[in-house]
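So the structure is just underneath, and the comments pick up after that.
The values are calculated or read from the model by the stated rules, or taken from the named source; none is laboratory data. As the structure is a prediction and not an experimental result, all values here were calculated from the model. Cβ sites come from the backbone with ideal geometry, for glycine too, and all protein chains shown count toward neighbours.
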Ligand SMILES: [Zn+2]
């Protein structure tokens with residue numbers, strides 16, 4: 001037997017005859033429960049007062065999996081109650097995916113249908129809405145397209161989708177012969193799974209003036225029943241596929257309100273309005289880049305001035321002049337570079353240590369081995385280093401910069 005949920009999605013209470021029972025698995029002669037399929041989760045509800053935990057297609061039957069073995073028996077009449085809130089959510093979310101796909105038809109190139117899913121993203125834990133967890137879920141549609149869905153395209157998809165909701169298009173469904181359906185270019189198929197196109201007839205869901213798709217799910221009768229649709233984000237699940245996630249209902253409303261509040265707060269912090277926010281951020285970034293350049297230039301000048309001072313204080317040892325001291329704001333590479341630049345001009349060895357005593361850079365004219373100087377320092381203060389005989393560097397020292405300088409002056413530089 002076939003289910004009637006998709007044909008009559010607003011029926012949520014019904015009486016049917018029990019056909020077969022296998023422990024907790026029940027088959028009815030007719031059911032309005034929707035069995036999981038086509039990206040839509042199974043309905044919830046009760047059968048003869050027992051909780052229905054799952055509904056699946058199995059060998060041509062629709063099997064209701066109950067929470068416990070029922071007391072009713074085959075041949076008996078039972079009442080089925082489908083969880084109406086959950087069903088309504090699924091109808092709205094599902095129809096919204098068709099509307100979103102229809103929006104995609106208008107803005108995306110070489111469009112193909114890549115998939116749809118409500119079920120996988122419905123959280124199991126309790127939701128934060130009065131409507132329960134399902135209403136907090138996300139819905140996704142996978143677009144097969146060569147168009148890159150950037151922020152403005154995503155916004156356009158959202159705008160068109162909500163516009164189609166507002167336009168109140170009728171949604172209808174019918175069975176049409178398979179060959180006729182496959183011959184129609186306007187019908188969206190999930191060609192990967194060939195879902196819904198194996199039978200003699202194909203179920204076609206039409207949104208007036210907007211979209212036509214082969215689909216076996218439950219849908220609302222008019223797009224206005226969907227309510228607000230909010231795009232949550234996009235990702236790329238595979239080659240040539242773009243996944244767009246969205247929400248309907250309370251989650252859609254909350255998401256929008258939250259984002260508006262955050263935008264307004266950010267705008268206020270920048271002393272502007274939301275419309276001007278992108279320009280204000282761009283101006284701020286440009287200003288930050290300029291300041292960063294200025295800081296770098298000033299820092300260079302400070303280092304230049306500091307090295308000039310150290311040059312004046314250079315010490316004489318074994319007939320060689322040693323420039324030794326701390327320099328702020330440079331790492332091991334920076335210190336080594338500046339040390340290299342400092343030797344040669346009446347300086348035979350330059351050993352620069354950062355203020356925090358973490359890094360060391362040493363350069364020489366060649367008579368003194370720079371690597372040996374670094375080795376002696378790291379042997380005393382920890383860390384490690386390496387380099388060439390004329391330039392070497394050390395890092396990971398655990399000391400005060402001044403202590404390292406004193407050590408170099410007292411020992412390596414000849415004890416002056
Ligand atoms: Zn559908």
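Checked against (1) surrounded by fewer than 19 Cβ atoms within 10 Å (Cβ to Cβ); (2) under 20 Å from residue 356 (Cβ atoms); (3) touching a helix residue (DSSP H, G or I) at 6+ places or on another chain (Cβ under 7 Å), residue 392 meets all criteria but (1).
Please go through region 275-317 and pick out each residue that is out of contact with any strand residue (DSSP E or B) (no Cβ under 8 Å at 6 or more places or on another chain), surrounded by 12 or more Cβ atoms within 10 Å (Cβ to Cβ) and closer than 20 Å to residue 364 by Cβ. Hit for region 275-317 is 317, nothing else.
With 334, 329, 325 as the choices, which residue is surrounded by 12 or more Cβ atoms within 10 Å (Cβ to Cβ) and part of a loop (DSSP other than H, G, I, E, B)? If you could, list the steps in order and put the result at the bottom.
Numbers: 334 fails: part of a loop (DSSP other than H, G, I, E, B); 325 fails: part of a loop (DSSP other than H, G, I, E, B).
After ruling out the rest, the residue left standing is 329.
Every residue, every condition in (1) away from the ligand (no atom under 16 Å from the Cβ); (2) touching a strand residue (DSSP E or B) at 6+ places or on another chain (Cβ under 6 Å); (3) farther than 19 Å from residue 116 by Cα, yes or no:
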{"residue": "56", "(1), (2), (3)": "yes, yes, no"}
{"residue": "65", "(1), (2), (3)": "yes, yes, yes"}
{"residue": "81", "(1), (2), (3)": "yes, yes, yes"}
{"residue": "102", "(1), (2), (3)": "no, yes, no"}
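In the set (1) in contact (Cβ under 8 Å) with a residue 60 or more places away in the chain; (2) in a strand (DSSP E or B); (3) closer than 25 Å to residue 60 by Cα, the condition left unmet by residue 142 is number (3). Residues in region 1-44 that are assigned to a strand (DSSP E or B) and either within 16 Å of the ligand (Cβ to nearest atom) or touching a helix residue (DSSP H, G or I) at 6+ places or on another chain (Cβ under 8 Å) (or both): 37, 40. The listed residues are 116, 86, and the only one of them that is part of a strand (DSSP E or B), crowded, with 17+ Cβ neighbours inside 10 Å, modelled with pLDDT under 95 and touching a helix residue (DSSP H, G or I) at 6+ places or on another chain (Cβ under 6 Å) turns out to be 116. Only one entry in 272, 206, 230, 223 is at pLDDT 95 or above, more than 26 Å from residue 35 (Cβ to Cβ), over 27 Å from the mean Cα position of the chain (by Cα) and surrounded by 15 or more Cβ atoms within 10 Å (Cβ to Cβ), namely 272. When region 198-217 is filtered for residues that are under 16 Å from residue 185 (Cα atoms), more than 11 Å from the ligand (Cβ to nearest atom) and in contact with a helix residue (DSSP H, G or I) (Cβ under 8 Å, 6 or more places away or on another chain), the ones remaining, listed by number, are 202, 210.
For beta carbons closer than 7 Å, sequence separation of 6+ or different chains, a first residue in region 89-103 that is over 13 Å from residue 231 (Cβ atoms) and a second that is part of a helix (DSSP H, G or I) and more than 10 Å from the ligand (Cβ to nearest atom), the qualifying pairs are 89/134; 89/135; 92/225; 92/226; 95/223; 95/226; 102/164.
Collect the residues in region 218-227 that are more than 15 Å from the ligand (Cβ to nearest atom) and in contact with a strand residue (DSSP E or B) (Cβ under 7 Å, 6 or more places away or on another chain), keeping them in residue-number order.
First, pick out the residues of region 218-227 that are more than 15 Å from the ligand (Cβ to nearest atom): 224, 227.
The one that is more than 15 Å from the ligand (Cβ to nearest atom) and in contact with a strand residue (DSSP E or B) (Cβ under 7 Å, 6 or more places away or on another chain): 227.
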